[in-house]
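The values are calculated or read from the model by the stated rules, or taken from the named source; none is laboratory data. Every value quoted in this text rests on a predicted model; they were computed, and no experiment measured them. So basically every Cβ, Gly included, is an ideal-geometry build from the backbone, and we count neighbours across all protein chains shown.
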Amino acid sequence: MQIQQNDIHQNLKEITIFLSEYAATLMAVGVQTSRVCRNTERIAVSFNYHANILIFPKTMSITLHDNHCNHSYTYVKRMPSMPLNFRSNMELSKLSWRAFDEHLSIDRLWSEYKRIISEKRESPWVVLILVSFANACFCRLFDGNLTSMIIVWIATFIGFYIRQQLTKRKWSALAVFIICSFISTIIGSTDYLLIHGGTEDMSLGTSMLYLVPGVPLINGVMDIIDHHVLNGIARLTNAGMLIICIALGLSLTLLITGIDATTFTKVIRANIILASIADGLFAAVAGIGFAIISNPPRKALFISALLACIGHGIRYFLMHNSNIMMDQAMASTIAAFVIGLLAVQFGTHIHCPSECFAFPSLLPMVPGMFAYKSVIALINMVRTSENYTAEYVDQFFHFGMLTILVMVGMVVGCVIPIFIFHRQSFSVTRMKQVRPNVD
């Protein structure tokens, strides 16, 4: 009897340690908390055990016990530091369903897990070039002209290359973001100082937008909506600190150059249909570039481009059609809802979590210029006399609230279809249906 109990405890220990590694990796590569819990619990069920999971920002605790609660084992795991990786999200999610359907042994699970996390990422040079084109197209979406797009391409190429090198050397993310923001905005400011291409504000204002932590922001809001409030707040706090670092880099550039970035370009296009299509096409390129940062499956890249094209085209039409003239927050919510609805369907078709292409598709709609204007107003609050302080305070809160409303609207619109079709959304990586769905 004692030998049998020892075997049970040893088995619980081995499975709990694996589940802890598995769940911590999912959290580290950018998976929302609800999917982490569902996937981990599914593997536990495949061994006829039940898992209780407690996830904190830096650690997680998993307690595994049998169905009668006669035996249990608890393991605490520290979260590893890993870059975003949507391909690992897909493959590890598939592994949870294989464990459930095929009753894989613990040795087989370890073997598959190690194979997945050791897969090579996309070439850094491919990522660098695509991100540069993505941010240049992002500049065009904010009405930047060809000169601004070229300047932003160069600023992004140099800034992102430095980010890659400093990250490889294990520099602090906060320091990396300050340095890259400063270097990119210095290059972007050359349009003000030397070139005078006509949309100088776009050259400066979009030169560092490749740094915006879109996926942590979206995951943070999604976690809060899905009642994982602690993790959601932690992710939003981390994203907020990175945004502050971007603002610090921009502030240093403005301090050195003395640029007064208070005028903003606004282009009005006569043909709304053609303008919507053009914006959609530029958003498609931006969607691919922003998606490649998160190392998605290759088949998800083109879906990201398609969804970004559709979503941004819809938003542009709703905002600029004279008969509708919808505000940006509502238009972004509707466009994001369409993206989320299509993402669920595409996810089912290619057996990939919908967020792998839904999130990158949202990024071209990130209200980068609202955030930029709020930062400029904050800087001017410090730099100007008391006579103008009230005006800049008003601008700061106005643009800051618009940024928050648009971001929340985007995320809520995108996740509503995921929650409506939650059973379908969380079982898209199941390759065969042999047993009833387990959520």
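Considering only residues in segment 7-64 that are of a type in the set (Phe, Trp, Tyr) and over 13 Å from Ser93 (Cβ atoms), the one that is modelled with the lowest pLDDT turns out to be Phe56. Could you please let me know if Phe370 is under 30 Å from Met431 (Cα atoms) and in a helix (DSSP H, G or I)? No, not satisfied. What are the residues in segment 323-361 that are without any contact (Cβ under 8 Å) to a residue 40 or more places away in the chain and either outside the structural domain of Val408 (by TED's automatic domain parsing) or of a type in the set (S, T, N, Q) (or both), if any? Answer for segment 323-361, where residues must be without any contact (Cβ under 8 Å) to a residue 40 or more places away in the chain and either outside the structural domain of Val408 (by TED's automatic domain parsing) or of a type in the set (S, T, N, Q) (or both): Asn323, Gln345.
Can you say whether Asn387 is buried (at least 17 other Cβ atoms within 10 Å of the Cβ), more than 21 Å from the chain's Cα centre (by Cα) and at pLDDT below 80, as far as the supplied structure shows? Answer is no for this residue.
Screening the candidates Thr16, Thr25 for the property of being under 30 Å from Val127 (Cα atoms) and buried (at least 17 other Cβ atoms within 10 Å of the Cβ) yields one hit, Thr25.
Listed by position, the helices (runs of 4 or more DSSP H) inside segment 65-177 whose residues that are surrounded by fewer than 18 Cβ atoms within 10 Å (Cβ to Cβ) and basic (Lys, Arg) number at least 3 are 106-117.
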